[in-house]
Amino acid sequence: MVSTEYERRIAARFATFDQDGNGWIDREDFIAAAKALLTEFAVTARSDKGQALYAGAEAFWQGMAGIADRDGDQRITREEFVTGAVKRLRDNPERFAEIARPFLHAALAVADTDADGRLGVTDTARVLRVFHVPEDIALAAATALDPDGDGLVAETEIVPAFARYFTVPE
C-alpha cells in the first residue's frame, strides 16, 4: 500500500518503465524502450549506437533489479519499485543517476543526430515520448532543461534531471 505523497508520486512513475503495461518491470521493458528509441530516430540495432543502447538498457535493468527486485523473480512489481526507490534512492538520487547513466548516455547518442553532445529541445521531447510521457509534458520538460534558452540540452543537464524525476518528490 502506498502511504505517503512521495510514494504515490514514485508509484506514478512506474508506468514510464512498464513499457508493455503488464503490471511489472522486467528486462523486456528495457529492451522494448531501446527498440522504440532506435525506431524513433531511425538507428539500426546493429550499429555501434544501437549496440551501446542495448548494452546500456541491460546495465540499467541490472541496476534496477539489484535495487528493487526483492524476491529475485526478475520482475519488479509496483510495490517493489516504490519500496526500492523510497528506501534506496530517496536519500541518494546520484545512485539512480549512476544506474541510469549508461542507458541515458547511449540514448542521447542515438538522438544526437549531429553528434555535438547536445540535443535540441524537440529531440529531447521525442525521447521522453518514447517513454510514454504525454507530448505536452514532454515538451514542457525538455524546455525546462534548457535554462539558457539556446534550444539545446546537454547530457550533464539530462542525467541529473532524470534522477531527480524518479527520486525527488517535487
Problem set entry | Which numbered condition residue 6 misses (of (1) crowded, with 20+ Cβ neighbours inside 10 Å; (2) over 16 Å from the mean Cα position of the chain (by Cα)) | (1)
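How about region 111-125: which of its residues are crowded, with 17+ Cβ neighbours inside 10 Å and either farther than 21 Å from residue 45 by Cα or over 13 Å from the mean Cα position of the chain (by Cα) (or both)? Full working, then the answer.
Of region 111-125, the ones crowded, with 17+ Cβ neighbours inside 10 Å are 111-112, 118-121, 123-125.
Listed by number, the residues that qualify are 111, 112, 118, 119, 120, 121, 123, 125.
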Exercise. Taking residue 39 and the conditions (1) assigned to a helix (DSSP H, G or I); (2) touching a helix residue (DSSP H, G or I) at 6+ places or on another chain (Cβ under 7 Å); (3) exposed (fewer than 15 other Cβ atoms within 10 Å of the Cβ), which numbered condition does it fall short on, given that it satisfies the others?
Worked result: (2)
Exercise. Here are 101, 46: which of them is over 18 Å from residue 133 (Cα atoms) and in a loop (DSSP other than H, G, I, E, B)?
Worked result: 46
Seminar exercise, completed: Residues of region 9-27 being exposed (fewer than 15 other Cβ atoms within 10 Å of the Cβ) and either free of Cβ contacts under 8 Å to residues at least 40 places away in the same chain or in a loop (DSSP other than H, G, I, E, B) (or both), in sequence order, are 12, 20, 21, 22, 23
Exercise. Of the residues that sit in region 9-18 and are under 18 Å from residue 103 (Cβ atoms) and touching a Phe, Trp or Tyr at 6+ places or on another chain (Cβ under 8 Å), which one is modelled with the lowest pLDDT?
Worked result: 13
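The values are calculated or read from the model by the stated rules, or taken from the named source; none is laboratory data. Owing to the predicted nature of the structure, the values given are computational and were not obtained by experimental measurement. Every residue, glycine as well, gets a Cβ built from its backbone with ideal geometry; the counts of neighbours run over all protein chains shown.
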